[in-house]
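Take a look at the structure below.
The values are calculated or read from the model by the stated rules, or taken from the named source; none is laboratory data. Fair warning: this is a prediction, and the values are worked out from it, not measured in the lab. As a convention, Cβ positions derive from the backbone with ideal geometry for all residues, glycine included, and neighbour counts pool all protein chains shown.
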Amino acid sequence: MVHLDKLKVDSISKMIGRENILTDVSFSLKDGEVKVIVGASGSGKTSILNSIAGIIRPDKGTIIKDGEDITDLEIEKRNIGFVFQDLGLFYSMNVAENIAYGLRIREKDISEINRRTLEISKALSIEDQLLKYPAQLSGGEKQLVSLARTLITNPDLILMDEPLSSLDSFLRNSMRWYIKDIQKKFGVSIIYVTHDLADAEILADSIAILDQGSILDDGEKELILNHPKNAAVARILGYNIFRMDGLEYAIHPTRVRAGGQTRIKILYHEKGMKDNYLLETEFGRISFVSDNQIKEEDGVSLEDSLPLRE
């Protein structure tokens, strides 16, 4: 049997006015995979999701889902769930009514609606919140209600548009594991877009790097995070970029080693959970993160640097 990708985005482009917001974007998503698309605000992340969902139509290119061209297919026929950044909960409805909304507009039987609402709410541990209204919920609970409302219609692909961006750091970390668990419990494929590398590190099976409407790199998480293919990708991933002996190198702030032949001047030092430095070296300014304080006479080692392709 030939294995089909869950989704294949093939060379889609989109212009709004005279501005290219997407340019020849291509990537694929395996069945059951979580792909995280990382990019800055305005890089085109939401436009990719809107194209897949059918909210906007690309000017060129195709979108294939389960072997079927859905580029021009109606939104309601795509079996795709969408978790929006602003969640879009109905504040005049209680939690149960919000969760059940997708089944109600499909005119499902009330017994099925009640069964599925309870089933989904138990799976996300919010069954004790069903009679509350969104205004009575914490940020994390609102996120879970939004996820439940998406899952209740049994989509086989879920699109997530920076759903954790409004949460504090503790809730973000907790919700990442809920999302990871959802993929396992419900067997759905997920495309998650974010500007936060911590989302990618925890959630992703594969990562695509997006910049100014173009995919710069795409592949398995470990390969993308640990082996950026060029300086543009490395910068987005937070690497230091420097030149040595006429060649360009990248090194992550966590891989700079205290004690070495590279002489340093400490420009800034901030002590938090780790010691964060900005160092001046003969190769330029380098960020450095360490568990321990260093002194200028210690120097640093850049031996873990990666050569970059021009």
Residue in the stretch 17-31 that is in contact with a helix residue (DSSP H, G or I) (Cβ under 8 Å, 6 or more places away or on another chain), closer than 16 Å to ILE80 by Cα and small (Gly, Ala, Ser) present: no
Count of residues meeting criterion [within 24 Å of the chain's Cα centre (by Cα) and either surrounded by fewer than 20 Cβ atoms within 10 Å (Cβ to Cβ) or not in a helix (DSSP H, G or I) (or both)] in the stretch 111-125: 3
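Do the conditions hold for GLY102, that is, is it more than 18 Å from TYR178 (Cβ to Cβ), of a type outside the set (Phe, Trp, Tyr) and in a helix (DSSP H, G or I)?
Yes: the conditions hold for GLY102.
Could you check the stretch 95-110 and list, in sequence order, the residues that are of a type outside the set (D, E, K, R) and either within 29 Å of the chain's Cα centre (by Cα) or surrounded by 20 or more Cβ atoms within 10 Å (Cβ to Cβ) (or both)? Explain how you work it out, then say what you get.
Looking only at the stretch 95-110, we keep the residues that are of a type outside the set (D, E, K, R), and these are 95-96, 98-103, 105, 110.
Selection gives VAL95, ALA96, ASN98, ILE99, ALA100, TYR101, GLY102, LEU103.
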Where MET160 falls short, out of the listed (1) assigned to a strand (DSSP E or B); (2) surrounded by fewer than 20 Cβ atoms within 10 Å (Cβ to Cβ): (2)
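I'm trying to understand the selection: among the residues of the stretch 176-199, which are part of a helix (DSSP H, G or I) and within 28 Å of GLY213 (Cα to Cα)? Break it down stepwise before answering.
First pass over the stretch 176-199, keeping only residues part of a helix (DSSP H, G or I): 176-186, 197-199.
Result: ARG176, ILE179, LYS180, GLN183, LEU197, ALA198, ASP199.
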Qualifying residue in the stretch 208-227 (condition: crowded, with 20+ Cβ neighbours inside 10 Å, touching a Phe, Trp or Tyr at 6+ places or on another chain (Cβ under 7 Å) and not assigned by TED's automatic domain parsing to the domain that holds ASN292): yes
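Check LEU29, LEU73 and return the single one that is within 22 Å of ILE236 (Cβ to Cβ), assigned by TED's automatic domain parsing to the domain that holds ASP218 and at pLDDT 95 or above.
Values: LEU73 fails: within 22 Å of ILE236 (Cβ to Cβ).
Criteria check complete, one pass: LEU29.
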Every residue from the stretch 69-87 that is surrounded by 12 or more Cβ atoms within 10 Å (Cβ to Cβ) and of a type outside the set (A, V, I, L, M, F, W, C): ASP69, THR71, ARG78, ASN79, GLY81, GLN85
Selection from the stretch 52-69 of residues that are touching a helix residue (DSSP H, G or I) at 6+ places or on another chain (Cβ under 8 Å) and not in a strand (DSSP E or B): ALA53, GLY54, ILE55, ILE56, ARG57, PRO58
Residue satisfying all of: in the stretch 194-240; polar (S, T, N, Q) and under 12 Å from the mean Cα position of the chain (by Cα); farthest from PHE84 (Cα to Cα) among these: SER206
Only listed residue being loosely packed, with under 14 Cβ neighbours inside 10 Å, of a type outside the set (Lys, Arg) and in contact with a Phe, Trp or Tyr (Cβ under 7 Å, 6 or more places away or on another chain), chosen from GLY259, GLY284: GLY284
For ASP128: the one exception among (1) over 27 Å from ARG176 (Cβ atoms); (2) assigned to a helix (DSSP H, G or I); (3) without any contact (Cβ under 8 Å) to a residue 24 or more places away in the chain: (1)
Contacts under 6 angstrom Cβ, first residue in the stretch 252-267 being part of a helix (DSSP H, G or I), partner acidic (Asp, Glu), 6 or more apart: ARG255/ASP304
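If the requirement is being surrounded by 17 or more Cβ atoms within 10 Å (Cβ to Cβ) and farther than 28 Å from ILE37 by Cα, which of these qualifies: LEU279, LEU247, LEU267?
Numbers: LEU247 fails: surrounded by 17 or more Cβ atoms within 10 Å (Cβ to Cβ); LEU267 fails: surrounded by 17 or more Cβ atoms within 10 Å (Cβ to Cβ).
Just a single option satisfies the conditions, and that option is LEU279.
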